[in-house]
Amino acid sequence: MATAATQAPQGSSRGSAKSGPGISIIIFSSLMLFSMFFGAGNLIFPPMLGVQSGENFWPAILGFVGSGVILPVLAIIAIAISGHSVRDLAARGGAIFGLVFSLLAYLSIGAFYALPRTAAVSFETAITPILGFEGTAANWVFCLIFFGVALALAWRPTTIMDTLGRILTPALTILLVILVISAITGFDAQNLTASEEYSESAFTTGLLEGYLTMDSIAGLAFGIVIISTLRTRGFSEGGQLVRGTITTGIIAGAFLAVIYIGLGYIGQMLPGAADHDSGAAILSAAAESALGTPGQIIWAFIVLLACMTTAVGLISSTSEFFSTLTPQMGYRTWAIIFTVISLVLAAQGLDFVLNIAVPIIIFLYPPAITLIFLTLIEPIFAGKLKFYFTFRLGLWTAVVWSAIMVAVSQGAEGLEPIIGWTPLHGVNLGWLLPVIVAVIIGVILDMSKPRKASEQAPVRQEAVHEA
């Protein structure tokens, strides 16, 4: 089955070849991307950060925005200027790295973690508190309905912009604005004291909290969806498509940042917020306190819409990717497979799903961040220097360091001395120095390597120049 990039008929393009596509396509694409990013973790992490950061709220929320907004936007930009998929991008680390990393990235944001989390969070934070349904049987019934709707919405990838950008996302945004404004105007600021970790290093702690959204990984996957959408809506290859994708990412990132700050403020202002043990409980209490019973209903719809829009985006992006790997198995076949796997995992409960998260995040983030930044740095050399050893040394150093970090986190304490000597090791950023050293060595090797005149850099330099 053809991908979204090739399925749409020529007439479906919103703009003509002469006039070009309109700004409305960018706006709706940005709303679509915002809704794909904004899922369960994006909703519940900022309020808890608002409570725990206390007087250090601003450095904490800026750290969260750094990893929860700026990195995902950079991932979208990296996809735009380098190729058409995560695999194209990751192939700069070698064929093996390109395949394995892209598979792990899509599986982690798809059927093995982020996708089942959307249904699990919806059930435990929206359905059970409001309707009182709980237990295994109720969870199975809800997951069947939730993923049935998500699969139906993702069934035709060329209509996702209309489904998300024009319908679901505006509804989600309106509900979020109502909740944030009602809470902020209805409560007085509380005198909160920062927790130990936020008092010692508020920015770094906020940065690490932003990792938990996994949006940097998702950005690499969602990039192909945005490129495909803009292409089918009239954006031509080269500079126009690159500019459109970058603009879409920036606008979506601005929406995310504003919503994150607003949700964080709710945690700062809700009386008794420190008595709650999760961001979901804080927002639920804020909705009820500010708006009464209608507030609870609004909260339930926010959770369901946030999780549903993310589920649709994840089903679409993962199925698009795997259908390109196995042309004999089309988009819809993979969509069904991933939906069924996610349904089974989600039905086991939220705790079961969340237990998978930490090792995945620890392992994938260092190579993902390294890949994004090296991809953005390479065009600075305007084609005069091709990163060959730079990508390979940097990425594989990140992979090895990540693997040891995961092993240590899972109980292999004997490996701790190997990585424990680096700066920032205590906050899971010890990989930065080794990767920087490896990248510098790689640049030196690439600069000393003779380059054939016919050799072309893998980055789309002409598109970058036009953009």
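The values are calculated or read from the model by the stated rules, or taken from the named source; none is laboratory data. These figures come from a predicted structure and were not determined experimentally. Backbone-built Cβ (ideal geometry, glycine too); neighbour counts: all protein chains shown. What goes into the accessible areas is simple: the full protein's heavy atoms, side chains included, and nothing from ligands, DNA or RNA. Shrake-Rupley method; radii C 1.70, N 1.55, O 1.52, S 1.80 Å.
Relative to its residue count, the chain spans a Cα convex hull of 146 Å³ per residue. Peptides 202-213, 375-386 ranked from most to least packed, by the mean per-residue count of other Cβ atoms within 10 Å: 202-213, 375-386. Placing 230, 144, 432 in order of accessible area, with the largest value first and a 1.4 Å probe, yields 144, 432, 230. For the stretch 83-188, the share of alpha carbon pairs falling in successive 10 Å distance bins from zero is 12, 25, 33, 22, 8, 1 percent.
Our note on the geometry: Cα centres of the stretch 28-97 and the stretch 220-279, 8 Å apart. The fraction of Cα-Cα pairs per 10 angstrom bin, counted from 0 for the stretch 236-376, comes to 9, 21, 36, 24, 9, 1 percent, rounded to whole percents. For the chain, the 222 nm mean residue ellipticity estimated from helices alone, with every DSSP H stretch of n ≥ 4 adding -39500 (n - 2.57) and the total spread over all residues, rounds to -22000 deg cm²/dmol. Normalised by 2.2 N^0.38 Å, where N counts its residues, the alpha-carbon radius of gyration of the stretch 379-457 equals 1.38. The convex hull around the C-alpha trace of the stretch 41-134, projected and averaged over every direction, spans 8.4 square nanometres.
Computed from Cα atoms alone, the Kirkwood hydrodynamic radius reported for the stretch 46-99 is 13.2 Å. Per atom type, the chain shows carbon and sulfur on 67% of its accessible surface, probed at 1.4 Å. So what's the stretch 320-360 giving for Rg/Rh, alpha carbon basis, Kirkwood Rh from the mean inverse pair distance? Rounded to two decimals, Rg over Rh is 1.12.
For residue 130 and residue 166, the difference between the fully extended length at 0.36 nm per residue and the C-alpha to C-alpha distance is 10.2 nm. Taking label points 7 Å from Cα along the Cα-to-Cβ direction, residue 23 and residue 297 give a separation of 3.7 nm. In the stretch 219-286 the Cα-Cα distances spread across 5 Å bins starting at 0 as 3, 15, 18, 13, 10, 9, 10, 9, 8, 4, 1 percent of all pairs. Radius of gyration (Cα atoms) of the stretch 264-340, expressed as a multiple of 2.2 N^0.38 Å: 1.65. Under 1.5 on a/c is rounded, so check that first for the stretch 306-383, then, if it is not, pick prolate when a/b is larger than b/c and oblate when it is not; a ≥ b ≥ c are the square roots of the alpha carbon gyration tensor eigenvalues. It comes out oblate by the Cα gyration axes. Once the 1.4 Å probe is applied to the protein heavy atoms, the stretch 34-144 comes out at 29 Å² accessible per residue. For the stretch 92-188, trypsin sites (Lys or Arg not before Pro) meeting the loop criterion (DSSP other than H, G, I, E, B) and having at most 15 other Cβ atoms within 10 Å: none.
Rounded, prolate or oblate: which fits the stretch 124-242, taking a ≥ b ≥ c as square roots of the Cα gyration tensor eigenvalues, rounded meaning a/c under 1.5, else prolate when a/b beats b/c?
Here the stretch 124-242 falls in the oblate category.
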